[in-house]
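Only one structure is covered here, and it is reproduced in the block below.
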Amino acid sequence: QVQLVESGGGLVQAGGSLRLSCAASGRTFSRYAMGWFRQAPGKEREFVTAISQNTRTKYADSVKGRFTISRDNAKNTVYLQMNSLKPEDTAAYYCAAKVGITTTSGYEYDYWGQGTQVIVSS
């Protein structure tokens, strides 16, 4: 069982930056692939980025070059550095964990955090 707690969301102006953190419980964090997803009001949840156990990464085209995912296994934490934020990045951001390989499908993730809100003003 893994418990995930996100933090770092907030209100930022367009062009600004935020860093989200996702702290995981348990001693087996390094065995999990980790992902970030987001859901804007009235829209479906969408994949943002993911990082494998050996730090291979995947990004949605909409965030490529602006967002960076990383992980610190010693701290049981995954990060999402978001730069050059746009109003369309406004959403609740969720981190998720799964065994096995990284995927872009949220249905394949086993554990989810409660989410953190990001609001980007124009």
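The values are calculated or read from the model by the stated rules, or taken from the named source; none is laboratory data. Everything quoted here is computed from the prediction, not taken from an experiment. FYI the Cβ positions are ideal-geometry reconstructions off the backbone, even for glycines, and counts take in every protein chain you see. These area figures cover heavy atoms from the full protein model, side chains too; ligands, DNA and RNA do not enter into them. Shrake-Rupley method; radii C 1.70, N 1.55, O 1.52, S 1.80 Å.
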### Task
Answer yes if at least one residue in segment 33-49 is within 15 Å of the chain's Cα centre (by Cα), of a type in the set (D, E, K, R), more than 17 Å from G8 (Cβ to Cβ) and surrounded by fewer than 19 Cβ atoms within 10 Å (Cβ to Cβ), and no otherwise.
yes
### Test result for Y111, touching a residue at least 60 places away in the same chain (Cβ under 8 Å) and either open to solvent by 30 Å² or more (accessible area, probe 1.4 Å) or under 15 Å from the mean Cα position of the chain (by Cα) (or both)
yes
### Residues (crowded, with 21+ Cβ neighbours inside 10 Å and farther than 17 Å from K86 by Cβ) located in segment 13-27
C22, A24
### Query
Under the condition of being touching a Phe, Trp or Tyr at 6+ places or on another chain (Cβ under 9 Å) and not small (G, A, S), which residue from segment 86-108 is surrounded by the most Cβ atoms within 10 Å (Cβ to Cβ)?
C95
